[in-house]
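Below is one structure, written out as structure tokens; the observations come after it.
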Amino acid sequence: MLLKDKFAAFAVVFIWGINFYFMKVGISEISPMMLGCLRYLLVLLPAVFFIRMPNVSWKWLLLYGMISNFSQFAFMFSAIATGMPTGLVALVVQSQAFFTVMIAAWILNENASWNQWLAIVIASFGLSLIALGQQHSHVPLLGLLLVLGSALSWACGNIVVKRIGQVNPIGLVVWGNILTPVWFLLLALHDHGWQGIVTDWFALTWKGFTAAAFLAYFATIIGYGLWIYLLTRYPAAKISPLSLWVPVISMIFAYVFLDEQLNTWQWLGSGVIMLGLAVHLFGQKFRLLFQIQSPIKF
């Protein structure tokens with residue numbers, strides 16, 4: 001991976017790591033579906049007037065928006081609204097990395113290298129250690145299922161991006177979500193009616209609007225723009241496991257700003273995930289470095 005692409009991957013992981021805080025702030029003021037509607041309205045405006053539509057058929061554009069954005073965040077915002085801790089949401093949703101690698105191997109016939117599979121196994125162990133540290137008795141079962149639905153949606157969205165191929169990332173993020181605010185608005189209307197929608201808008205303060213703006217401009221346009229850029233240049237098995245950094249950053253950020261305490265299991269699990277990422281990123285180099293050379297025959 002080129003150095004500039006490594007910096008891009010780090011930027012995505014950091015932005016997505018802290019964006020769970022802004023999700024929680026937004027959902028504390030308005031309903032999950034109205035937060036989604038506002039988020040993608042801000043994604044479209046004013047960008048849709050300045051960003052050229054990518055050379056992609058409407059079928060793929062709308063499929064990308066429906067799966068990778070609407071479906072993923074309808075599930076995720078609803079999970080947070082059930083009371084799921086942000087750290088646990090950030091943790092469980094990273095199962096997308098495993099879903100992506102398996103779906104890519106099945107549908108796209110992509111071959112993952114030995115260190116990528118090993119990294120997934122190590123990271124899975126790390127995620128399990130972190131999960132042991134959670135207070136499961138306080139986690140709603142519905143919330144867990146919703147987050148898993150979000151993870152599966154994200155993975156399927158990754159495959160859609162791979163199918164689309166080389167594309168202007170920002171153009172795909174903007175034009176692919178041309179109908180996403182409508183889907184969120186329809187769900188909000190179904191759940192709360194027009195009176196509930198009006199109440200949400202009047203309940204919104206500068207904090208909630210700032211949270212929605214961060215989710216729109218940083219987490220979506222910049223974050224997903226860079227993510228699409230990486231996915232279209234590297235195998236899914238190489239890129240998707242990088243998101244395993246996200247729950248580590250999210251838990252640290254939640255500890256500092258939300259006073260969510262990390263226990264020994266969580267810290268240990270975070271360290272194991274870092275080890276898995278090291279294997280993922282540097283496994284091939286280590287193998288070449290320590291490879292035993294055949295003795296020279298005379």
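The values are calculated or read from the model by the stated rules, or taken from the named source; none is laboratory data. Bear in mind the structure is a predicted one, so any value in this text is a computation, not a measurement. Here Cβ is always computed from backbone atoms with ideal geometry, including for glycine, and neighbour counts include all displayed protein chains. For accessibility, only protein heavy atoms count, side chains too; no ligands or nucleic acids. Shrake-Rupley method; radii C 1.70, N 1.55, O 1.52, S 1.80 Å.
Among the listed residues 52, 39, which satisfies the condition of being surrounded by fewer than 21 Cβ atoms within 10 Å (Cβ to Cβ) and basic (Lys, Arg)? Testing whether each residue is surrounded by fewer than 21 Cβ atoms within 10 Å (Cβ to Cβ) and basic (Lys, Arg) leaves just 52.
Checking every residue in the range 109-118 against the condition of being buried (at least 18 other Cβ atoms within 10 Å of the Cβ), modelled with pLDDT of 80 or more, within 21 Å of the chain's Cα centre (by Cα) and closer than 30 Å to residue 164 by Cα gives zero matches.
Screening residue 90 on (1) part of a helix (DSSP H, G or I); (2) open to solvent by 40 Å² or more (accessible area, probe 1.4 Å) shows it passes everything except condition (2).
Give the number of residues within the range 1-14 that are open to solvent by 20 Å² or more (accessible area, probe 1.4 Å) and either modelled with pLDDT of 90 or more or touching a strand residue (DSSP E or B) at 6+ places or on another chain (Cβ under 8 Å) (or both).
Taking the range 1-14 first, the residues open to solvent by 20 Å² or more (accessible area, probe 1.4 Å) are 1-4, 6-7, 10-11, 14.
Checking the rest, the ones that are also either modelled with pLDDT of 90 or more or touching a strand residue (DSSP E or B) at 6+ places or on another chain (Cβ under 8 Å) (or both) come to 11, 14.
Residues flagged as open to solvent by 20 Å² or more (accessible area, probe 1.4 Å) and either modelled with pLDDT of 90 or more or touching a strand residue (DSSP E or B) at 6+ places or on another chain (Cβ under 8 Å) (or both) within the range 1-14 amount to 2.
The requirement of being of a type outside the set (Asp, Glu) and open to solvent by less than 20 Å² (accessible area, probe 1.4 Å) is satisfied by residue 158.
Residues that are of a type in the set (Phe, Trp, Tyr) and in contact (Cβ under 8 Å) with a residue 12 or more places away in the chain do occur in the range 248-255.
Within the range 17-31, the residues that satisfy the criterion of being out of contact with any Leu (no Cβ under 8 Å at 6 or more places or on another chain) and within 13 Å of residue 252 (Cα to Cα) are 17, 18, 20.
Only one entry in 65, 83 is in a loop (DSSP other than H, G, I, E, B) and not aromatic (Phe, Trp, Tyr), namely 83.
Enumerate the pairs (first residue in the range 28-45 and under 21 Å from residue 64 (Cβ atoms) and assigned to a helix (DSSP H, G or I); second residue anywhere and aromatic (Phe, Trp, Tyr) and open to solvent by 20 Å² or more (accessible area, probe 1.4 Å)) with beta-carbon separation below 7 Å, excluding pairs fewer than 6 apart on the same chain, so at least 6 apart or on different chains. Going by the 7 Å Cβ cut-off, the qualifying pairs are 42/217.
Of note, residue 269 satisfies the criterion of being closer than 26 Å to residue 6 by Cβ, modelled with pLDDT of 75 or more, open to solvent by less than 80 Å² (accessible area, probe 1.4 Å) and in a helix (DSSP H, G or I).
Could you please let me know if residue 115 is over 17 Å from residue 228 (Cα atoms) and either polar (S, T, N, Q) or not in a loop (DSSP other than H, G, I, E, B) (or both)? Yes, satisfied.
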